[in-house]
């Protein structure tokens with residue numbers, strides 16, 4: 001059974017990326033040679049590809065354990081793959097974050113700690129699989145970031161994209177003396 005990153009998170013981060021980088025070609029087009037604008041656009045597309053790669057992690061659960069994987073096209077330097085065998089899991093340990101939240105780690109019999117994936121689509125189904133395979137009670141676990149936080153960030157990213165569009169229209173329709 002596979003659990004990809006939540007679409008709300010994936011699309012929000014992509015919208016924020018484009019909202020932040022789209023003004024760059026507009027600014028450069030007014031100040032530099034068109035070759036540089038083309039190069040920047042290529043760089044932005046490469047950056048988007050790297051972002052898509054980093055957002056393509058999938059958590060797979062089977063009868064042996066849980067592992068994080070990526071599609072074959074994702075470069076090795078972006079991959080954060082890990083694996084935990086159900087037989088090795090001793091407990092789930094909460095830890096405070098610097099922002100005042102709580103994250104959960106698998107603690108294995110060897111003392112290794114692996115962050116429990118909390119931003120996946122179907123988090124409750126993932127927890128049900130964890131409980132079924134380990135017997136550890138996970139009913140009280142909640143995602144680190146609530147969906148409304150990403151929805152709010154996504155809303156502001158879309159507002160920023162709309163603002164970028166307005167500015168683009170003003171820049172490209174105004175005289176070149178700006």
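The values are calculated or read from the model by the stated rules, or taken from the named source; none is laboratory data. From a predicted model like this one, the values you see are computed outputs, not experimental measurements. In this analysis, Cβ positions are derived from the backbone assuming ideal geometry, glycine residues included, and neighbour counts consider all displayed protein chains.
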Quiz prompt | Scope the range 81-106; condition at pLDDT 90 or above, over 19 Å from residue 128 (Cα atoms) and outside any strand (DSSP E or B); matching residues | solution = 81
Exercise. Could you tell me which of the residues 65, 38 is more than 19 Å from residue 159 (Cβ to Cβ) and buried (at least 16 other Cβ atoms within 10 Å of the Cβ)?
Key: 65
Quiz item: How many of the residues in the range 126-149 are in a loop (DSSP other than H, G, I, E, B) and either farther than 15 Å from residue 66 by Cα or in contact with a strand residue (DSSP E or B) (Cβ under 7 Å, 6 or more places away or on another chain) (or both)?
Solution: 11
Quiz item: For the range 95-107, does any single residue satisfy the condition of being in contact with a helix residue (DSSP H, G or I) (Cβ under 9 Å, 6 or more places away or on another chain) and either under 30 Å from residue 17 (Cβ atoms) or surrounded by 15 or more Cβ atoms within 10 Å (Cβ to Cβ) (or both)?
Solution: yes
Exercise. Inspect all residues belonging to the range 39-46 and state whether any of them is part of a helix (DSSP H, G or I) and touching a residue at least 60 places away in the same chain (Cβ under 8 Å).
Key: no
Quiz item: Is there any pair linking a residue in the range 163-178 that is closer than 15 Å to residue 27 by Cβ to one that is modelled with pLDDT of 80 or more, with Cβ under 6 Å and at least six apart or on different chains, and which?
Solution: 164/22; 164/23
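Look at residue 64 and say whether it is under 26 Å from residue 125 (Cα atoms) and without any contact (Cβ under 8 Å) to a residue 24 or more places away in the chain.
Working: under 26 Å from residue 125 (Cα atoms): yes; without any contact (Cβ under 8 Å) to a residue 24 or more places away in the chain: yes.
Considered against the rule, which asks whether it is under 26 Å from residue 125 (Cα atoms) and without any contact (Cβ under 8 Å) to a residue 24 or more places away in the chain, residue 64 comes out as yes.
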